[in-house]
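One structure below.
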Amino acid sequence: MSPRPAIVTGLHAEPALATITLTWEPLAWEPLIDHYRVYAVRGSSASGAPREKDLLAKTVYPRLVHDGLDAAGEEWTYTVLAVSDAGARGKPSQPLTATSQPSVTATGREVATIGSFDGRTLEFRFAPDSYSSIPDEYPDAVIEYAQGADGPGSAWPYLLPGPGDGWAGNHGYRARWTVTLDEAPAEDHDLAIWLVDTTRLGGTLAVSVGGQHVRDIELPTGATRGSREGDATVPGSTLLRSFHEFAIPADALQAGENVVDLHLVEGGWVAWDAVGLFARE
């Protein structure tokens, strides 16, 4: 009779925005492990043996990303067990509770946004697949957008091309978003940049506010499908969303016009989900 796999140990969670990444210690080769079964229950308690209705996923790797979580943050309790190549199941790990990082889109007060934070590009100009129109409409590789005067469907293309995009002339495009504030803020704000997809080139998106460099966003390697598909929420979608949120210092903002400059200095295009400026509550 095939021996049962050992108990999975070292279960660890890394919470992030809309995701929780689980890792654990890989088991030895004897018996040969066919896969791991990851169970998830909402909340902070998981009593008794794992129930099959709570099976989140199977994986051959000692790692799993639980994604698609609510932007406000979600609490889950996880257990993991191993299954041998003969079908023998090990005992479940000790349960682990983790909460995903809440987004500023849920915790902050909206000051200005372009688009909806919904996993789709469809509200933007040229979406979902007319990317070839972008270099014709923006030959100087600069997109200008004034909050309150312009709209996403007419003035914000769904893709921002990068130096790696031959179809756009290998230019690092920049999007200049003008936001007018009634008064200079006394406290830091937060900028949310959500992307529906990126290319396999990855890249760097440089962010400046009022001429002050704030952050270089290292873009993840994406699926390179967001130029033709506009909805990452469709079941089975291969689009690889990413979420980037960080502070904008109060001294970078002023009463009157403020220009948020998003410059794709390396890599391939990004497909926008939404961008937003939020005050802290």
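The values are calculated or read from the model by the stated rules, or taken from the named source; none is laboratory data. In this text, all values refer to a predicted model and were calculated from it rather than measured experimentally. Note that we place each Cβ from the backbone using ideal geometry, even for glycine, and neighbour counts take in every protein chain shown.
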Of the residues that make up region 27-39, is at least one of a type in the set (A, V, I, L, M, F, W, C) and not in a loop (DSSP other than H, G, I, E, B)?
yes
In this structure, is GLY226 in the same structural domain as TRP272 (by TED's automatic domain parsing), more than 19 Å from GLY267 (Cβ to Cβ) and in contact with a Phe, Trp or Tyr (Cβ under 9 Å, 6 or more places away or on another chain)?
no
Would you point out which residue out of ALA71, ALA16, ALA57, ALA46 is at pLDDT 95 or above, among the small types (Gly, Ala, Ser) and either out of contact with any Pro (no Cβ under 9 Å at 6 or more places or on another chain) or surrounded by 14 or more Cβ atoms within 10 Å (Cβ to Cβ) (or both)?
ALA57
Does GLU110 satisfy the condition of being within 23 Å of the chain's Cα centre (by Cα), touching a residue at least 24 places away in the same chain (Cβ under 8 Å), surrounded by 15 or more Cβ atoms within 10 Å (Cβ to Cβ) and under 17 Å from TRP194 (Cα atoms)?
no
Cβ-Cβ under 8 Å pairs, at least 6 apart or on other chains, region 232-250 side within 30 Å of ALA184 (Cβ to Cβ), far side at pLDDT below 95 and in a loop (DSSP other than H, G, I, E, B):
PHE243/ALA18
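Mind checking whether some residue in region 128-146 is in a loop (DSSP other than H, G, I, E, B) and among the aromatic types (Phe, Trp, Tyr)?
yes
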Answer from LEU122, LEU64, LEU81 - the residue that is at pLDDT 95 or above and in the same structural domain as ARG174 (by TED's automatic domain parsing):
LEU122
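Answer yes if at least one residue in region 66-73 is in contact (Cβ under 8 Å) with a residue 40 or more places away in the chain and over 27 Å from PHE117 (Cβ atoms), and no otherwise.
No, the conditions are met nowhere in region 66-73.
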Do the conditions hold for GLY153, that is, is it without any contact (Cβ under 8 Å) to a residue 60 or more places away in the chain, at positive phi and among the small types (Gly, Ala, Ser)?
no
Quick one: which of TRP167, TRP177, TRP194 is outside any loop (DSSP other than H, G, I, E, B), surrounded by fewer than 19 Cβ atoms within 10 Å (Cβ to Cβ), modelled with pLDDT of 95 or more and among the aromatic types (Phe, Trp, Tyr)?
TRP167
